[in-house]
1. Pick out the one residue from A:Ala150, A:Ala217, A:Ala156, A:Ala162 that is within 14 Å of another protein chain (Cβ to nearest Cβ) and either touching a residue at least 40 places away in the same chain (Cβ under 8 Å) or over 19 Å from A:Ala246 (Cα atoms) (or both).
2. Return the residues of segment B:263-315 that are modelled with pLDDT under 60 and of a type in the set (A, V, I, L, M, F, W, C); say none if nothing qualifies.
3. State whether one or more residues within segment A:152-165 are within 30 Å of A:Arg211 (Cα to Cα) and of a type in the set (S, T, N, Q).
4. Keeping to segment B:223-240, report how many residues are surrounded by fewer than 18 Cβ atoms within 10 Å (Cβ to Cβ) and closer than 16 Å to B:Asp195 by Cβ.
5. I'm trying to understand the selection: among the residues of segment B:116-131, which are within 34 Å of the chain's Cα centre (by Cα) and away from chain A (no Cβ under 11 Å)?
6. Kindly establish whether A:Leu207 is more than 14 Å from chain B (Cβ to nearest Cβ) and either out of contact with any strand residue (DSSP E or B) (no Cβ under 6 Å at 6 or more places or on another chain) or of a type in the set (Gly, Ala, Ser) (or both).
7. Which one of A:Ile233, A:Ile288, A:Ile223, A:Ile272 is assigned to a helix (DSSP H, G or I) and within 14 Å of chain B (Cβ to nearest Cβ)?
8. Could you tell me whether segment B:74-83 includes any residue that is closer than 30 Å to B:Gln109 by Cβ, within 14 Å of another protein chain (Cβ to nearest Cβ) and touching a Lys or Arg at 6+ places or on another chain (Cβ under 6 Å)?
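The values are calculated or read from the model by the stated rules, or taken from the named source; none is laboratory data. For clarity, every value in this text was computed on a predicted model and none was experimentally measured. We place every Cβ from the backbone using ideal geometry, glycine too, and count neighbours over all the protein chains shown.
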Amino acid sequence: MSVDPRTTVLDRLWSPFEGQSGSRRSLLLMSPLILFELLVFVVPFLLLVRISFSEQSQGLPYAEGTFTIASYVQVLQSELLQGIIAYSFKLGIIATLLTVVLAVFYAYATWRASGVQKSALLFSVVLPLLTTLVIKTYVWVPLLAPNGTANSLLLAVSLVQAPLQMVPNTFGVVIGQVYIVFPYAMLAIYSVLTTVEWELVEAARDLGASRTRSFFAVVLPEIMPGITVATVISFAWSVGAYSAPALLGAGSDRPFALEVQEQMLVNFNWPIATALSTVMLVLMFVSILVIYAVLGRFGGDVANAT
Amino acid sequence: MSEIELQNLSKSFGDIDAVTDVSLSVRDGELLCLLGPSGCGKSTTMRMISGLETPSSGTVYIGEADVTDQPAYDRDTSMVFQNWALFPYKTVLENVAFGLKMRGMGKQQRRDRASEMLERVHMDGYESHSPTDLSGGQKQRVALARSLAVDPDVLLLDEPLSNLDKRLREEMEIELKDIHEEFQKTFVHVTHNQDEAFTLADRIGIMNEGRLVQVGEPNEVYRDPKNKFVEEFLGDTNFVSGTVSDIDGQYGYLMTEFDSEIRVPVASETQPETSLTVSLRPEFMQIAPITDSSNRASHQTRADGNGGGGVSGTVESTIYRGSSIRHVVDIGGEQLFVEQGVTDQTAIDEGDTVELRWDVDDILVFRPDGTRVRD
């Protein structure tokens, strides 16, 4: 029995915009944005789709004025490219799960902290945003290298006998990727968490719910919109990850962004690059709809209603 | 058994002492009101009973057990919150059944019990509604049902009526009293509203600045306030300060701010020249117009043979307050207010010269530090 079938996570995300759409005035206000999106997103994207249906050419990036679906056939049949798509999604799923779980913990701790502690926790999240992506990704190399800080510590306390291989490999890629998306996920959850009344948690505990149960019964349903946003941000970014696999990955850590880059700039095979991108875009779109649907179901009804 | 015993309970938040050395016994099955202005520590005291707050020092007993270090979810208390704290993503029925679910009661059983509780608070028919769709009064009833459903030893009510309008509040007061009689539980009710406390309470505990000032039955604390704070907080009154000019046995003469002497009861240790403040409650004073023109000019104290006292002055304003009329009377530059029932036929208008009379023994006298003067 759910409270209100219409109150899905999507509705709750859209509700601030409701009542504003539909009027001509708001359309007028939105027109600069719509124009901007048309120019920098929709038009280039249509060009990109058009290129993906062109024939591949030896001397040029693609053969203009031709039409074929050969590149799509190639993308969907090539085991190498399928492997690359699968790797991208695996990285996306693992990094997203880790990020969202950590972000919920971190956001909750920040919410409950006060004074200097709270400022320190918030500042620590925002600080990495001030550094460029390449530097904050690359910084993991000296930390995780076989002779790096992490291994020195582990060896010093005799937790391991020989240095662990952490970079360059998938472990390093996941760590780097989680580190990149964590601030955005945490802030998305935290912003919703701050609107939750602490009294609800107290009421749950007063009625006999333990700390863990009161979190799952009362806090989690309330922060589902934040978790949804955090999940979508983390997932979209991690599936399209570029810098973490490029800097921290081994040769086998090859997500689609690296492949597209190579096809575009090294092989000059634009039809393959754009076809792969389009396939990924469609898959991402479907994935995000699935995420909304799944999290939306949990949004109002997480504590398996009475 | 569910009496509550608080021993030397203190709570500070950083540098702020919210509650200081409160010792209090709440009897089994009693409805005790903790009454005091905002920030007096009454809510913090209640939260320490519920376990939502841990005392800085002191002990909390519920029944025979020391529960000081027990978390809220292990205590057999249940709280009704000021803002009701209903779970917004659960239905009314799920809200009421929540505590039973946490106690591991089976699904059908807890649904039946929750429905029964909703019926008791006249909220049957709202089972599948969302709490966000309910009015304040309805939320109040659901919150009450949710707390009663777990059959707690002690029910704690944290200003649950303060967000309701006057009429609804009075209705809920009666209903709370009925529920208290029916369930025979120990209730602790926190409020800043004197009327609410007088209507509901078996006993009232008055708090100020983190301390428990006085505990007693409603008529006891009203008739016999321990200090000036209690007298001031429990009802509207006129405070008049002055210096003792003369002592005559059990009575002294107080030279007041309005340049006339009034006769007040004093204690045997009271010396002349002491500063005292007296409380002239409006309900102890009678107002009567002076028709005799020879008395008009004087603001004289009038002491007659039968222990009465009085002053005369000019009516400055008259405020119609529904069931009563409040007259503000100017006496030599100082104002006293007095109340007159609307059925009282004596017509008094602004500008009239009137006489205020009282029985000297009704006057309560306080020292400058607020303590009561009495023998």
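1. On the way: A:Ala150 fails: within 14 Å of another protein chain (Cβ to nearest Cβ); A:Ala156 fails: within 14 Å of another protein chain (Cβ to nearest Cβ); A:Ala162 fails: within 14 Å of another protein chain (Cβ to nearest Cβ).
Result of the check over A:Ala150, A:Ala217, A:Ala156, A:Ala162: A:Ala217.
2. B:Ala297, B:Ala303
3. Just the residues of segment A:152-165 that are within 30 Å of A:Arg211 (Cα to Cα), to begin with: none.
The answer is no; no qualifying residue exists.
4. 3
5. Across segment B:116-131, the qualifying residues are B:Glu116, B:Met117, B:Leu118, B:Glu119, B:Arg120, B:Val121, B:His122, B:Met123, B:Asp124, B:Tyr126.
6. On the way: more than 14 Å from chain B (Cβ to nearest Cβ): no; either out of contact with any strand residue (DSSP E or B) (no Cβ under 6 Å at 6 or more places or on another chain) or of a type in the set (Gly, Ala, Ser) (or both): yes.
Answer is no for this residue.
7. Working: A:Ile233 fails: within 14 Å of chain B (Cβ to nearest Cβ); A:Ile288 fails: within 14 Å of chain B (Cβ to nearest Cβ); A:Ile272 fails: within 14 Å of chain B (Cβ to nearest Cβ).
Answer to the check: A:Ile223.
8. Taking segment B:74-83 first, the residues closer than 30 Å to B:Gln109 by Cβ are B:74-81, B:83.
From the residues that got through so far, the ones that are within 14 Å of another protein chain (Cβ to nearest Cβ) too are B:74-81, B:83.
Filter once more, keeping what is touching a Lys or Arg at 6+ places or on another chain (Cβ under 6 Å): none.
The answer is no; no qualifying residue exists.
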